Amino acid sequence: MQKLIVVTGASTGMGASTARELARQRFHVLAGVRRDHDADAIRTTDIEPVILDITSSEQVAALAARVAADPRTLHALVNNAGIQVNAPVEARRWRSGGGCSRSTCSATSPSPRRSCPRSCRTRAA
Ligand SMILES: NC(=O)c1ccc[n+]([C@@H]2O[C@H](COP(=O)([O-])OP(=O)(O)OC[C@H]3O[C@@H](n4cnc5c(N)ncnc54)[C@H](OP(=O)(O)O)[C@@H]3O)[C@@H](O)[C@H]2O)c1
């Protein structure tokens, strides 16, 4: 029986590459993405996209239920989703409501927009 692996943040970068490599090695990958078009882009026979924002307790619970219901045991969790913050957290401005809840994406930010999630970068553009 195929082994099950969860990869979070599988829309781009190392997460997407990891999901594809694990699928190539015949694992069944539950690939966490935040948008439907990212799900469509990564979906293959062995890569099953799941809508997952790791800051959403509902979506994390839904993934846990999905894993628990699977006859395959969970072989690994690749906890990849995240953003890179290129400054001490004390130096960052944090937004609440409306904007990115984790990190600033304001034009005055000293760090590149690449540091923010794609949805945040899009809002800031
Ligand atoms: N590249 C480096 O040199 C480096 C160095 C140290 C650590 N890291 C860490 O390694 C991981 C992957 O890096 P990368 O370069 O491949 O980054 P990346 O291309 O920016 O990919 C980050 C992934 O995480 C997802 N993500 C961000 N916030 C999320 C959230 N709240 N819930 C679910 N998914 C979320 C993004 O989804 P969206 O497309 O929806 O935004 C994307 O799929 C990141 O955690 C990064 O911080 C990278």
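Which loop-located trypsin sites (Lys or Arg not before Pro) does region 25-56 contain, where loop means any DSSP state but H, G, I, E or B and the Cβ has at most 11 other Cβ atoms within 10 Å? Provide the component values of the computation, followed by the final result.
Numbers: sites: 26, 34, 35, 43; in loops: 26, 34, 35, 43.
The qualifying sites are 26.
From the phi of every residue in region 9-25, what ³J(HN,Hα) in whole Hz does the Karplus formula 6.51 cos²θ - 1.76 cosθ + 1.60 yield, where θ is phi - 60° and glycine or proline is x?
Ordered by residue, 3J(HN,Hα) equals x, 9, 6, 9, x, 5, x, 5, 5, 5, 4, 5, 5, 5, 5, 4, 8 Hz.
For 55, 18, what ranking results if the residue with the fewest other Cβ atoms within 10 Å of its Cβ goes first? Kindly include the intermediate steps, with their values, before the conclusion.
Values: 55 11, 18 19.
By the 10 Å Cβ count, ascending, the order reads 55, 18.
Tell me, what is the FRET efficiency for residue 14 and residue 37 to the nearest 0.05, using R0 = 22 angstrom and their Cβ-Cβ distance as r?
Details: r = 20 Å, r/R0 = 0.90.
In this case the efficiency is close to 0.65.
Grab the beta carbon distance between residue 51 and residue 1, set R0 = 35 Å, and tell me the FRET efficiency rounded to 0.05.
Values: r = 25 Å, r/R0 = 0.73.
My answer for the efficiency is 0.85.
Once you order the gyration tensor axes a ≥ b ≥ c over the Cα atoms, which shape class does region 4-78 get: rounded for a/c under 1.5, otherwise prolate or oblate by comparing a/b with b/c? Could you put the intermediate results ahead of the total?
Values: a/c = 1.67, a/b = 1.07, b/c = 1.56.
Oblate.
Every number in this text was worked out from the coordinates using simple rules, so none of it is lab data. All of these numbers come straight from a predicted model, not from anything done at the bench. All Cβ positions, even for glycine, are placed from backbone atoms using ideal geometry, and neighbour counts span all protein chains on display.
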